[in-house]
Structure formats: structure tokens, C-alpha cells
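Notes for the one structure printed next.
We did not get these values from a lab; they are worked out from the coordinates using the rules stated. All figures in this text were calculated on a predicted structure; none of them were measured in a lab. Here the Cβ positions follow ideal geometry from the backbone for every residue, glycine too, while neighbour counts run over all protein chains shown.
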Amino acid sequence: MNPNTSRQKPSGLICPQCNKFIPISIRDLLTRKGIECPYCSLQLSIDRGKSQKALSALAKIHQAEKSVENASKFEG
Ligand SMILES: [Zn+2]
């Protein structure tokens, strides 16, 4: 019915150094203290204090993804 829900967008972020896409789950983003870029080995640290807004936004997306999962389970 809704093509948008069946299409899964990979979560991740763009490396500020090599500009490549680092695939990482939102859950990892929320639980890890830092991420290492698999392409250039840049260490990205997550400052929870400064990133709180961004992280809470991500948490909302995460919740939305979960509800989409539940919706698809409900359908199928
Ligand atoms: Zn990189």
C-alpha cells in the first residue's frame, strides 16, 4: 500500500574526512562512545552533551523505524 515503508534506507553518517558513507545503525550511534571510519580510520567521538539534540532526533527516528517494523509484522 505504502511504498515508502517497504523501502529501507540504510542508516549511517558521512565521514567528515573522506566524505564516504559510514553505515552504522542508529542503535550503535546511540550506544557507542565513538565510531571509526572504515575507510580512513578517522575516529569520530560522539559528544553526548553537545549532540543531545541530534541524538534525541535520532532516537525518534529509531522509534519510528521500530513502529514501521511492527507495522510490517502486523501486516504479514
Ligand atoms: Zn573516513
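Summary table
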item: Sequence-distant residues sharing a close amide H with L13 (under 5 Å, placed H); result: I22, I24
item: Virtual spin-label span in nm between R32 and Q63, 7 Å along Cα→Cβ; result: 2.4
item: Where the Cα pairs of region 10-75 fall when distances are cut into 5 Å bins, in %; result: 4, 16, 24, 22, 16, 10, 6, 3, 1
item: Two-site label geometry, A54 and S25: point separation in nm, points 7 Å out along Cα→Cβ; result: 2.1
item: Segment L13-L44, length gained on full extension (0.36 nm per residue, minus Cα span); result: 10.1 nm
